[in-house]
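Structure, as structure tokens:
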Amino acid sequence: MTSFEPGQYKETLLFLATAGLVVPLFRRLRISPILGFLLAGVALGPYGLGALAHGPASWLAFLSLERVEEIEPIAEFGVVFLLFMIGLELSWERLARMRALIFGLGSLQVFGCAAAFVAIALALGQEPPAALVLGFALSLSSTAIVIPALAEKKRLGTSAGRTIFSVLLFQDLMVAPLLFMVTVLDTRSGDFTSAVVSTLLPAIAALSLIVLGGRLLMRPFFHLVAAAGSTEFFIAACLFTVIGISVIAAMSGLSMGLGAFIAGLLLAETEYRREIEVTIEPFKGLLLGLFFVSIGASLNPSEVVAAPLETIGIALGFIAIKFLLTVLAGFVMRLNGRVVTEAAFLLGPGGEFAFVLLSAALAAKLMPAKMAGDVEIAVTLSMFLVPTLAELGRKFGRKSASIAPDLSELPESHDDSEAPEAILIGYGRVGRLVGELLHVHKIRFLAVDQDAGVVKEAREEGADICWGNATRMDFLHRCGISKAKALIITMDANAIAEEIVAMVRAAYPWIIIVARARDAKHATVLYKLGVNNAVPETIEASLQLSEATLIDLGVPMGLVIASIHEKRDEFRKILQPEVDGAAERYELKRTNRLKDWGKRRVKTVVEE
């Protein structure tokens, strides 16, 4: 039996403690938690407290991250999960509509900045291969930090956010060709054909495998997992999909994030998208925090102090150049001045793929180690400025709108016309009939069911339906409950229906809630929980029998309908009594407990 070593868990415990302290503290101070994680990484890293853990202060070793290189592979999955989530929120159709931004603005920004940096490097005496690598390395931006900074300020769905994302996506697509360029520049690598075979062909093969295999296998795979009815299996399937496809992409020379993004796109049109989003979200948040901590821990402040003019000067210099050239590229594409300004601020700092290119160039002996080291420090410093530049971009971009030229404005990606007017929970016999009537009257609705077979059959018939657990408020948020006008509950599970009503009514007092009830007693409970209408099966059956009988006996239909409505109103008043007596007080306590439970559930979800 192996002995227990507490030191093996030190990094994990330190990170969890940091996450528990940094996020609440920086949110209270109204400072980006991203900056908090970066600063925490510097403080806890081997160049912070780790450098002081000598002699009398050796106890500081227990508070420092000594093995940063061991957490970096895990931390990288923060970026992977982030891009997977972005892919889930897009679609192939929407991506096609963004092609002008991706390949137009993206290519202008990358190649324009690279050309300027190459010219500067050549003027400073660098060899052409080194200048070429430096030019492209500095032209890239940080997907891992920029996207969370936009999401935190709820700017990702704006025109500026989509513009920035389009450029970042093009940069991710350029990683494989740029690594191929480094291979070709390496005179020791052999001929051009071998470079193509070793670099580009695996990337193309991996992309084909991911896209074709994903289209054929992903939906059947998740259908089998959902049909098993196990939450644990579903979580495992989500993690397997994200990590597995990312590893395939990395093995072929592509970025792991690009592979995860494509996987997200492939699942975006499936009925499992919303439940996958809810499942992956906690992992994404935790791993992104770990990623920022690892970035901060890799910065050595002593190297910055030793050569401040070189490191800080390079950082500020290339940010300024990229800012100006990005603005110019945006004007060439005739984008709105406000959009271009915000995009330029966030695309100015360097990115994580610069380290990949510089490491490959060092391995190929294309540039001096001193130059590569200074540039890496400058890129890291620039990444620390992303939260500040994001705030500047948002404020300055708004001010510049009044003086910007009247260029074409981009439409917002989040269109209210796409949000459902009603959410229908349960798509069995009753729910399907309700859905058909909603469709007849042209009311947009989204159906939810937890039976994978029902969902599959309804999707094949063209219904807008998704698979998932409607008792989770975060799932309902993904379904668009905040923009819906009505919630319709048709499931025959009393306890689950009561939980959903209590939770939704606590969060959205204004939404219309109509629920199916088993009998009069259940309807009374639902009314006390806050439904607008509860429809008891037994009473409705008797009313329909009465209606059919009266019409067959020759009573005019108008009179029959009027009397049925009058009787239904009488029952509704009976089912909504003033609470009195011991039995009623017991039921009130029970419903109040459900309401309190609903409020507690709501507090755990971040409102949109």
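The values are calculated or read from the model by the stated rules, or taken from the named source; none is laboratory data. In this text the structure is predicted, and so the values were computed from the model without any measurement. Positions of Cβ are generated from backbone atoms using ideal geometry, with glycine treated the same way; all protein chains shown enter the neighbour counts.
All conditions in (1) in contact with a helix residue (DSSP H, G or I) (Cβ under 6 Å, 6 or more places away or on another chain); (2) hydrophobic (A, V, I, L, M, F, W, C); (3) closer than 18 Å to T380 by Cβ; (4) at pLDDT 90 or above hold for A320, with the sole exception of (1). Of all residues in the range 138-184, those satisfying the criterion of being farther than 27 Å from P33 by Cα and over 26 Å from the mean Cα position of the chain (by Cα) are P177, L178, L179, F180, M181, V182, T183, V184. Checking each residue in the range 438-449 for being part of a loop (DSSP other than H, G, I, E, B) and over 28 Å from the mean Cα position of the chain (by Cα) picks out H441, K442, I443.
Applying the set (1) crowded, with 17+ Cβ neighbours inside 10 Å; (2) more than 23 Å from A227 (Cβ to Cβ) to L437 leaves exactly one unmet item: (1). In the range 494-502, the condition of being in contact with an Asp or Glu (Cβ under 8 Å, 6 or more places away or on another chain) and surrounded by 17 or more Cβ atoms within 10 Å (Cβ to Cβ) is met by no residue.
Counting only helices (runs of 4 or more DSSP H) that sit wholly inside the range 450-561, those with at least 1 residues that are under 26 Å from L224 (Cα atoms), modelled with pLDDT under 90 and of a type in the set (A, V, I, L, M, F, W, C) are 452-460, 473-479, 494-507. Can you find even one residue in the range 392-414 that is at pLDDT 85 or above and surrounded by 14 or more Cβ atoms within 10 Å (Cβ to Cβ)? Scanning the range 392-414, I find at least one residue that is at pLDDT 85 or above and surrounded by 14 or more Cβ atoms within 10 Å (Cβ to Cβ), so the answer is yes.
Pairing residues of the range 312-327 that are free of Cβ contacts under 8 Å to residues at least 60 places away in the same chain with residues that are small (G, A, S), at Cβ distances under 6 Å and at least 6 apart in sequence or on separate chains, gives F323/A344; F323/G348; V327/A344. Yes or no: the range 587-595 includes at least one residue that is at pLDDT 70 or above, out of contact with any Leu (no Cβ under 9 Å at 6 or more places or on another chain), assigned to a helix (DSSP H, G or I) and surrounded by 11 or more Cβ atoms within 10 Å (Cβ to Cβ). Looking for residues that are at pLDDT 70 or above, out of contact with any Leu (no Cβ under 9 Å at 6 or more places or on another chain), assigned to a helix (DSSP H, G or I) and surrounded by 11 or more Cβ atoms within 10 Å (Cβ to Cβ), one finds none in the range 587-595, hence no. Of the helices (runs of 4 or more DSSP H) lying entirely inside the range 247-332, those containing at least 2 residues that are crowded, with 24+ Cβ neighbours inside 10 Å span 256-268, 273-297, 308-332. For the range 358-366, check the following and say yes or no: at least one residue is of a type in the set (G, A, S), in the same structural domain as L169 (by TED's automatic domain parsing) and modelled with pLDDT of 85 or more. Looking through the range 358-366, none of the residues is of a type in the set (G, A, S), in the same structural domain as L169 (by TED's automatic domain parsing) and modelled with pLDDT of 85 or more. Every condition in (1) among the aromatic types (F, W, Y); (2) touching a residue at least 40 places away in the same chain (Cβ under 8 Å); (3) surrounded by fewer than 24 Cβ atoms within 10 Å (Cβ to Cβ) holds for F84 except the one numbered (3).
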